[in-house]
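One structure follows; several queries about it will come next.
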């Protein structure tokens, strides 16, 4: 599995919804799939699984709003 | 009353000291006192019914604290309502509390079809200027000081009445048993409608300290939060464990960011050892305290310092010993249990509330007299080991999520009111006694959506209008019918198992 696919799997696990793997441009906040607590949980899992530390201060809802954008942001942190 | 007198003493000796800071705005002790006197004089002129509560609506503006003091100085308890509470729920609170007056601190319009008067805070302040309110009219003794509404199992929130004596007992304990009585700067993270906020507001004001508010704008933009923390000069940290966990996600959350922090106070949910280890490492000179208590016994009644030695001895942290005017009894039915055995935690002492406002039946179920003193059945299970109390989960359908107290049945009632739901069961998904998230199993009615997630989004949207965000389930599953146990109850266990495989 490539990195992006793994990120999407993880996101689906947090959002409890497989649609994030299918529609990767869906707005996670507008569709009630993710909230502040969800983001924190996601970042904890990202650290555990990929050993990537994303400071919470770097996370902005405007640029972390879709599965694609999140995968791209994490790619930059890698 | 003693607490207000103590605050007044600080006003007289240190009038220019800052009482409250919020988003760049701040208010001195002198202004806090004078403004609340003005508003209080206006309230007295309105001749509300004796001791009828006043809703104070807003977020963490400096005027919120002004209005709290104004209410109690005029002899009326206040009901703090954060703007995150949907208007539908606010309406229920107005009905149940029979409030006659709302002080609107938020700049938002309040549209409520009710016989209640709504005043903007600047408006009411100007009604009767420069009136000195004599302390005779202040709330005192067994009269209600504040009423905080919590989730109720019938779908209607219930109002916990906290008297001046209840609050005094709590504040005396905080200032005596914790190293915070030195005009310090306190962090306030919890919205005022959540009584964790009382843990910093009144200890701060009674010791001549300063409250530094963490607003919802800061929480939505962590970068802004950290910039604010850097200039806060905070010395006492009060939050839920969930909130500090979010802060710890950032490597810059260290003593360098908050060089003056000396005390961390936690309440509201289970404190994990891993959070404490990280704090010991990043803030080596700060002390950590874990506390426990329900809203019904005024914020918290037990506490313990989490030292390195304690962390070494326990995998699950204890919640400590009761304050010295209070007793903890563990009951199994009517009998007290032996040391080490599990029982329901009963709190006995002067900070136990007189009960739920206007809810005689619910009050009688939970409150009683134990050996002549007021007592409250928490519904929490606990056991005593080595002379200290441990928390062991709930006995019923109440849960804690991110520090918020939630009745599962309350969520079920509200989900049933939405458009596409025939039947539902709500289930908390837990790991090591801690709730990770809430799930709803739903039998849907006919609906126009192609995909399940669209149906979920539609239901979540409707729920957003009637429930606070923290009560909306994260996961929805759909089924044709809810499985039943042999005796005709919904089989919650089976549904849970289905999800977890």
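The values are calculated or read from the model by the stated rules, or taken from the named source; none is laboratory data. On a predicted model such as this, the values are computed, not experimentally measured, just so you know. Note that we place each Cβ from the backbone using ideal geometry, even for glycine, and neighbour counts take in every protein chain shown.
May I ask you to list the residues in segment B:450-477 that are loosely packed, with under 14 Cβ neighbours inside 10 Å, more than 9 Å from chain A (Cβ to nearest Cβ) and assigned to a loop (DSSP other than H, G, I, E, B)?
B:450
Out of B:82, B:25, B:50, B:31, which single residue is on the phi < 0 side of the Ramachandran plot and touching a residue at least 60 places away in the same chain (Cβ under 8 Å)?
Result: B:82 is the single residue among B:82, B:25, B:50, B:31 that is on the phi < 0 side of the Ramachandran plot and touching a residue at least 60 places away in the same chain (Cβ under 8 Å).
Which of (1) under 21 Å from residue B:188 (Cα atoms); (2) touching a strand residue (DSSP E or B) at 6+ places or on another chain (Cβ under 9 Å); (3) in a helix (DSSP H, G or I) is the odd one out, the single condition residue B:79 does not satisfy?
Condition not satisfied by residue B:79: (3).
To continue, here is another question. Any residue that is assigned to a helix (DSSP H, G or I) and away from chain B (no Cβ under 13 Å) - is there at least one of those in segment A:48-61?
Within segment A:48-61, one or more residues are assigned to a helix (DSSP H, G or I) and away from chain B (no Cβ under 13 Å).
Within segment B:380-397, is even one residue assigned to a strand (DSSP E or B) and more than 29 Å from residue B:315 (Cβ to Cβ)?
No, segment B:380-397 contains no residue that is assigned to a strand (DSSP E or B) and more than 29 Å from residue B:315 (Cβ to Cβ).
Go through segment B:236-261 residue by residue and tally those that are under 19 Å from the mean Cα position of the chain (by Cα) and within 10 Å of another protein chain (Cβ to nearest Cβ).
4
Given the options A:69, A:65, name the one that is within 26 Å of residue B:462 (Cβ to Cβ), more than 9 Å from chain B (Cβ to nearest Cβ), modelled with pLDDT of 90 or more and surrounded by fewer than 20 Cβ atoms within 10 Å (Cβ to Cβ).
On inspection, the qualifying residue turns out to be A:65.
If we keep just the residues of segment B:49-74 that are crowded, with 18+ Cβ neighbours inside 10 Å and assigned to a loop (DSSP other than H, G, I, E, B), which is farthest from the chain's Cα centre (by Cα)?
B:74
Residue A:16 fails exactly one of the following numbered conditions: (1) at the interface with chain B (Cβ under 8 Å from one of its Cβ atoms); (2) in contact (Cβ under 8 Å) with a residue 60 or more places away in the chain. What is the number of that condition?
If we test residue A:16 against (1) at the interface with chain B (Cβ under 8 Å from one of its Cβ atoms); (2) in contact (Cβ under 8 Å) with a residue 60 or more places away in the chain, just (2) comes out false.
Which condition breaks for residue A:30 when tested against (1) more than 10 Å from the chain's Cα centre (by Cα); (2) within 14 Å of chain B (Cβ to nearest Cβ); (3) over 16 Å from residue B:220 (Cβ atoms)?
Among (1) more than 10 Å from the chain's Cα centre (by Cα); (2) within 14 Å of chain B (Cβ to nearest Cβ); (3) over 16 Å from residue B:220 (Cβ atoms), residue A:30 violates only (3).
Inspect all residues belonging to segment B:130-137 and state whether any of them is surrounded by fewer than 16 Cβ atoms within 10 Å (Cβ to Cβ), out of contact with any strand residue (DSSP E or B) (no Cβ under 6 Å at 6 or more places or on another chain), in contact (Cβ under 8 Å) with a residue 24 or more places away in the chain and not in a loop (DSSP other than H, G, I, E, B).
Scanning segment B:130-137 turns up at least one residue that is surrounded by fewer than 16 Cβ atoms within 10 Å (Cβ to Cβ), out of contact with any strand residue (DSSP E or B) (no Cβ under 6 Å at 6 or more places or on another chain), in contact (Cβ under 8 Å) with a residue 24 or more places away in the chain and not in a loop (DSSP other than H, G, I, E, B).
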